[in-house]
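Colleague: One structure follows; several queries about it will come next.
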Ligand code: AKB
């Protein structure tokens, strides 16, 4: 990766990824694009361009003018929004990916796009979910993610395009909020623990899902993209995870630092049914073996880091920390 264009760069992953990549590859070597402009570091501290990924010509123009050799295609609707707006999700998630793949083909770019634990479904083994297994999701998001994995493999086999991907679990971060996801509750819980000392979870106790802290997700993207392609047996997409937790597990970790934290439940049937179709704990051994995936944040380290960053922002007057 030398000249990197990121789509959806002002979202939860892109905000941290853009800043981290500019540190490593140089500010002017990373173009952040998004459908709207925000006054955030990713948008204002380096090259930024407005881009709607459903406009294929505009996406190609942006990559061509920037002389990109890598496209990190992050723009997508997450699971809950996709389930509420399935047609829009198909158009944006699949249309945007197709446009990114076509631009990458035209310009001979490397391409990364995230898949998700949402690519699995109720028929998938719940624990130790293997890299290669049954993928019959019942959600539009899941259908998009499986189709996206297949499409990226297709471009690799048919055109020799260097496509690589990760099946992300829920990602926890403090700088940019997630939006429209099922696993967002984990981020919300940390924010509310610091802001109000209590949180009402829309996901029920006992619902275990994989999670990972954002710095590990970002290092995983960079390591995978920089890895020698000849070592990869898989491409689209690798299982990655750092922990399997339910709301009670996270609350217990928060209470070790904030003993008065209160957790209650008001379960949302849409989000609960999405979570019920996902694995409890996936197996990331292919990622470890093929390119050395090694997350450093476990639950306790993540809780320490999340709470200290959020508390710092609260005390510096940024009360509206999400
Ligand atoms: C979501 O909850 O939709 C995402 C995901 C796990 O893909 N965070």
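Colleague: Only one residue in 183, 207, 200 is in contact (Cβ under 8 Å) with a residue 12 or more places away in the chain, within 16 Å of the ligand (Cβ to nearest atom) and over 28 Å from residue 226 (Cβ atoms). Which one?
Modeller: Values: 183 fails: over 28 Å from residue 226 (Cβ atoms); 200 fails: within 16 Å of the ligand (Cβ to nearest atom).
Step by step, each of 183, 207, 200 is checked, and only 207 is in contact (Cβ under 8 Å) with a residue 12 or more places away in the chain, within 16 Å of the ligand (Cβ to nearest atom) and over 28 Å from residue 226 (Cβ atoms).
Colleague: Same structure again: Name the helices (runs of 4 or more DSSP H) wholly within the range 34-93 that hold at least 3 residues that are in the same structural domain as residue 23 (by TED's automatic domain parsing) and farther than 21 Å from residue 175 by Cα? Steps first, please.
Modeller: Details: elements: 41-44, 56-66, 79-84, 86-89.
Answer list for the range 34-93: 56-66, 79-84, 86-89.
Colleague: Right, next: Does the range 232-258 hold any residues that are closer than 15 Å to residue 167 by Cα and either without any contact (Cβ under 8 Å) to a residue 12 or more places away in the chain or out of contact with any strand residue (DSSP E or B) (no Cβ under 8 Å at 6 or more places or on another chain) (or both), and which are they?
Modeller: Restricting attention to the range 232-258, the residues satisfying the condition of being closer than 15 Å to residue 167 by Cα are 234-244.
Once the filter is applied, which keeps residues that are closer than 15 Å to residue 167 by Cα and either without any contact (Cβ under 8 Å) to a residue 12 or more places away in the chain or out of contact with any strand residue (DSSP E or B) (no Cβ under 8 Å at 6 or more places or on another chain) (or both), the range 232-258 yields only 234.
Colleague: Can you name every residue in the range 106-121 that is assigned to a loop (DSSP other than H, G, I, E, B) and surrounded by 15 or more Cβ atoms within 10 Å (Cβ to Cβ)? Please lay out each step first, then the result.
Modeller: Keep residues of the range 106-121 that are assigned to a loop (DSSP other than H, G, I, E, B), which gives 108-109, 113-114, 120-121.
Result: 109, 113, 114, 120, 121.
Colleague: Looking at this structure, is residue 100 within 16 Å of the ligand (Cβ to nearest atom) and either at pLDDT below 95 or in a helix (DSSP H, G or I) (or both)? Even if it seems obvious, please write down each step before you answer.
Modeller: Details: within 16 Å of the ligand (Cβ to nearest atom): no; either at pLDDT below 95 or in a helix (DSSP H, G or I) (or both): yes.
So residue 100 does not fit the description; no.
Colleague: All but one of (1) within 11 Å of the ligand (Cβ to nearest atom); (2) surrounded by fewer than 24 Cβ atoms within 10 Å (Cβ to Cβ); (3) in the same structural domain as residue 96 (by TED's automatic domain parsing) hold for residue 178, so report the exception by its number.
Modeller: Looking at each condition in turn, residue 178 falls short on (3).
Results for (1) on the phi > 0 side of the Ramachandran plot; (2) buried (at least 23 other Cβ atoms within 10 Å of the Cβ); (3) not assigned by TED's automatic domain parsing to the domain that holds residue 77, shown as yes or no for each residue.
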{"site": "183", "(1), (2), (3)": "no, yes, yes"}
{"site": "187", "(1), (2), (3)": "no, yes, yes"}
{"site": "195", "(1), (2), (3)": "no, no, yes"}
{"site": "218", "(1), (2), (3)": "no, no, no"}
{"site": "225", "(1), (2), (3)": "no, no, no"}
{"site": "229", "(1), (2), (3)": "no, no, no"}
{"site": "235", "(1), (2), (3)": "no, no, no"}
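Colleague: Please go through the range 279-317 and give me each residue that is outside any helix (DSSP H, G or I) and either within 16 Å of the ligand (Cβ to nearest atom) or at positive phi (or both), ordered by number.
Modeller: Taking the range 279-317 first, the residues outside any helix (DSSP H, G or I) are 279-284, 292-298, 316-317.
Within the range 279-317, 279, 280, 281, 282, 284, 292, 295, 317 meet the criteria.
Colleague: Something else now. Residues that are more than 16 Å from the chain's Cα centre (by Cα) and at pLDDT 95 or above: list the strands (runs of 3 or more DSSP E) wholly contained in the range 164-278 that include at least 3 such residues.
Modeller: On the way: elements: 166-168, 170-172, 198-201, 209-213, 243-245, 262-265.
Those strands (runs of 3 or more DSSP E) span 198-201, 262-265.
Colleague: Quick check on the range 112-128. Is at least one of its residues within 17 Å of residue 153 (Cβ to Cβ), more than 16 Å from the ligand (Cβ to nearest atom), at pLDDT 95 or above and in contact with a helix residue (DSSP H, G or I) (Cβ under 8 Å, 6 or more places away or on another chain)?
Modeller: Checking the range 112-128: not a single residue is within 17 Å of residue 153 (Cβ to Cβ), more than 16 Å from the ligand (Cβ to nearest atom), at pLDDT 95 or above and in contact with a helix residue (DSSP H, G or I) (Cβ under 8 Å, 6 or more places away or on another chain).
The values are calculated or read from the model by the stated rules, or taken from the named source; none is laboratory data. In this text, all values refer to a predicted model and were calculated from it rather than measured experimentally. As a convention, Cβ positions derive from the backbone with ideal geometry for all residues, glycine included, and neighbour counts pool all protein chains shown.
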